[in-house]
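Novice: I have a structure here, written as C-alpha cells, and I will follow up with some questions on it.
The values are calculated or read from the model by the stated rules, or taken from the named source; none is laboratory data. These numbers come from a predicted model, not from an experiment. Glycine also receives a Cβ, built like all others from the backbone with ideal geometry; neighbour counts cover every protein chain displayed. Each accessible area value is taken on the protein alone, full model and side chains, heavy atoms only, with ligands, DNA and RNA left out. Shrake-Rupley method; radii C 1.70, N 1.55, O 1.52, S 1.80 Å.
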Amino acid sequence: MVPGASLRDRPGRGRLALDGRWTADQAPTVEANAARILAAGRAAPVAVDLSGIERLDTLGAWVLERTRAEIEQAGGALTYVGVRSEHRTLLGEVRLREVESAAPARRGRIVGFLDTVGRETVRGGHAFVTALAFLGEVIAACGRVALRPGTFRGTALVNQIQQVAFNGAPIIVLISFLVGGIVAQQGIFQLQRFGAQTFVVNLIGLLILREMGVLLTSIMVAGRSGSAITAEIGSMRMREEVDALRVMGLDPVEILIVPRVLALMVGLPMLTLIGDIAALTGGGLTAMLYGGLTLDQFLVRLQAAVGVHHVMVGLIKAPFMALIIGILATIEGFAVEGSAESLGRHVTASVVKSIFMVIVLDGLFAVFFAAIDF
C-alpha cells in the first residue's frame, strides 16, 4: 500500500522532499505538510523535490500551488525540482494567477465626453439593428400565419384586444377629456387678449385631431400595455416557459408576439378615436363655460375648422406607433434575465424607449404631412 503524504528534509539548505500520496484522501496530512513548507519558505528560499510523490491529484496540486503563491506574496521563493511531466501539467492547470488590473487611462474631460458619446452611439446603433431584425422576424411570422390561417390563435388576439383597448378605454377617456379641457382653457385665456376666443375651436380641433390625440393615447398605451407586455414575456423568460415552447416545437414569435402586436395595431386606432372624441368634448365644455360659446356655435365652428383628412392624420399614425410600442416591449421582454432586478430594469427601458420613439415618430409624420400639404 502506498504510504500517505509525507515531507522530509534533504541534504542541502532549504531542500524538502515529498513522498507518498498527495491526494484528497490525505487532506489533513497534506495541509499539515503544506504549513511546514510555508514556514520554511518564509524563512529562506526553498526547493521542493517532487520526485518521490507516488500520486498527485487536483487537491494536492492546488495546495502546493496555493503554498507557493503565499510564499511569493510574503517575499520568499519556492521552486520545484524532480517534477514528472504529468505532475508538471497538473500543477500548471491549477496554477494561481492573479488578474492584473489595467490602470485606468487618464484622459481629459473633452476626450472622456467624446468617448462616452461614441460608445452610446455604437450601443444605439446595435439596438436599432436588433429592432430591425426583430421586426423582420415578426413580419415573417405574420406571413407564416397568413399562409396557414389554421395555426393563428384568434382567442389570444381577442383577449389581447380586450386588455389593450376595452380595459384601457376608461383611463384614455378620462385623461383625454381633462387634457382637452386644459388646452381649451389656456387657449381662451390667451386669445381673449385679442378678442379672438372663438378661434379656440380651431386650436383644439386641429391640435387634438392631428397631434395631441394620437400622441397622448400612444404614450398612455406605452406606459400601460407596453409595460404589461414586457412584464408578461419577461416573467415567462424567468420561468423558462419560452424555452418550453421551443421544446414543444412551437414558435414563440407566433405564439407570444404576433397576437400582442396585432392587438396593439387594432386597439390603438380605436383608442385614438375615442380619445379624440373625449378631448373635443372636454374642450367644448370648457369653451362653453369660459369662452361664452353655445353648443351650436362650437359644433358649427368645429365643422368649418376641421375636415375628415385631419381625423385621418391621427388615425394613420396610430398603427405605426402601435407597431413601435409592440416591437420595443417584446424586445425588452425577451432580454429579461433570471432576476427581479433585470425584469424591473427592462420594463422601465421598455416604457422609456417606447415613449421616446413615439414622440420621434410623431415628429417625422408631422414633417411628412406638412411636406405633402395633407
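Novice: Looking at (1) modelled with pLDDT of 90 or more; (2) among the β-branched types (V, I, T); (3) farther than 22 Å from K353 by Cα, which is the one condition that is false for I229?
Specialist: (3)
Novice: Something else now. Against the condition open to solvent by 40 Å² or more (accessible area, probe 1.4 Å), touching a Ser or Thr at 6+ places or on another chain (Cβ under 6 Å) and touching a residue at least 24 places away in the same chain (Cβ under 8 Å), how does R55 come out, does it pass? If you could, list the steps in order and put the result at the bottom.
Specialist: Details: open to solvent by 40 Å² or more (accessible area, probe 1.4 Å): yes; touching a Ser or Thr at 6+ places or on another chain (Cβ under 6 Å): yes; touching a residue at least 24 places away in the same chain (Cβ under 8 Å): yes.
So R55 passes the test.
Quick grid of which residues meet (1) open to solvent by less than 50 Å² (accessible area, probe 1.4 Å); (2) at pLDDT 85 or above; (3) of a type in the set (D, E):
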position: G143; (1), (2), (3): yes, yes, no
position: R153; (1), (2), (3): no, no, no
position: A156; (1), (2), (3): yes, yes, no
position: L174; (1), (2), (3): no, yes, no
position: V183; (1), (2), (3): yes, yes, no
position: I188; (1), (2), (3): yes, yes, no
position: G195; (1), (2), (3): no, no, no
position: I204; (1), (2), (3): yes, yes, no
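Novice: Let me ask something else. From E241, E232, which residue is among the charged types (D, E, K, R), in contact (Cβ under 8 Å) with a residue 24 or more places away in the chain and out of contact with any Asp or Glu (no Cβ under 6 Å at 6 or more places or on another chain)?
Specialist: E232
Novice: Also, I was wondering about something else. With (1) crowded, with 17+ Cβ neighbours inside 10 Å; (2) at pLDDT below 90; (3) farther than 17 Å from A329 by Cα as the list, and I257 as the residue in question, which single condition is left unmet?
Specialist: (3)
Novice: In addition: Would the range 273-286 turn up any residue that is in contact with a helix residue (DSSP H, G or I) (Cβ under 9 Å, 6 or more places away or on another chain), among the β-branched types (V, I, T), crowded, with 21+ Cβ neighbours inside 10 Å and in a helix (DSSP H, G or I)? Let's see the steps before the verdict.
Specialist: We begin by selecting, within the range 273-286, every residue in contact with a helix residue (DSSP H, G or I) (Cβ under 9 Å, 6 or more places away or on another chain); these are 273-286.
Applying the additional criterion that residues be among the β-branched types (V, I, T) yields 274, 277, 281, 286.
Right, trim to crowded, with 21+ Cβ neighbours inside 10 Å and you get 286.
Filter once more, so that each one left must be in a helix (DSSP H, G or I): 286.
Looking through the range 273-286, at least one residue is in contact with a helix residue (DSSP H, G or I) (Cβ under 9 Å, 6 or more places away or on another chain), among the β-branched types (V, I, T), crowded, with 21+ Cβ neighbours inside 10 Å and in a helix (DSSP H, G or I).
Novice: Would you please name the residue that is farthest from A127 (Cα to Cα), looking only at residues in the range 308-357 that are modelled with pLDDT of 85 or more and outside any helix (DSSP H, G or I)?
Specialist: V336
Novice: Follow-up question, since we're still on this one. Mind telling me which of the residues F374, F369 ends up being of a type in the set (F, W, Y) and open to solvent by less than 40 Å² (accessible area, probe 1.4 Å)? Can you show your working first?
Specialist: Values: F374 fails: open to solvent by less than 40 Å² (accessible area, probe 1.4 Å).
Going through F374, F369 in turn, the sole match is F369.
Novice: Give the range 32-59 a look and list any residue that's out of contact with any strand residue (DSSP E or B) (no Cβ under 9 Å at 6 or more places or on another chain) and charged (D, E, K, R), or say none.
Specialist: Selection gives R42 alone.
Novice: Scan the range 260-272 for residues that are over 21 Å from the mean Cα position of the chain (by Cα) and open to solvent by 10 Å² or more (accessible area, probe 1.4 Å) and jot them down. First the steps, then the outcome.
Specialist: Taking the range 260-272 as the starting set, the residues that turn out to be over 21 Å from the mean Cα position of the chain (by Cα) are 262-263, 265-272.
Within the range 260-272, L262, M265, V266, P269, M270 meet the criteria.
Novice: Here is a further query. Would a scan of the range 1-22 turn up a residue that is at pLDDT 80 or above and not in a strand (DSSP E or B)?
Specialist: Checked the range 1-22: no residue is at pLDDT 80 or above and not in a strand (DSSP E or B).
Novice: Could you look through the range 225-252, keep only residues that are under 27 Å from N167 (Cβ atoms) and of a type in the set (K, R), and pick out the one that is surrounded by the fewest Cβ atoms within 10 Å (Cβ to Cβ)?
Specialist: R239
Novice: Return the residues of the range 212-224 that are small (G, A, S) and either within 16 Å of Q162 (Cα to Cα) or buried (at least 24 other Cβ atoms within 10 Å of the Cβ) (or both); say none if nothing qualifies. Steps first, please.
Specialist: Just the residues of the range 212-224 that are small (G, A, S), to begin with: 213, 218, 222-223.
Within the range 212-224, G213, S218, A222 meet the criteria.
Novice: Which residues, taken from the range 287-296, are in a helix (DSSP H, G or I) and within 17 Å of Q192 (Cβ to Cβ)? If you could, list the steps in order and put the result at the bottom.
Specialist: Of the range 287-296, the ones in a helix (DSSP H, G or I) are 287-290, 295-296.
Answer for the range 287-296, where residues must be in a helix (DSSP H, G or I) and within 17 Å of Q192 (Cβ to Cβ): A287, M288, L289, Y290.
Novice: Only one of A184, A165 is under 23 Å from R260 (Cβ atoms) and of a type in the set (G, A, S); which?
Specialist: Values: A184 fails: under 23 Å from R260 (Cβ atoms).
Being under 23 Å from R260 (Cβ atoms) and of a type in the set (G, A, S) holds for just one of A184, A165, which is A165.
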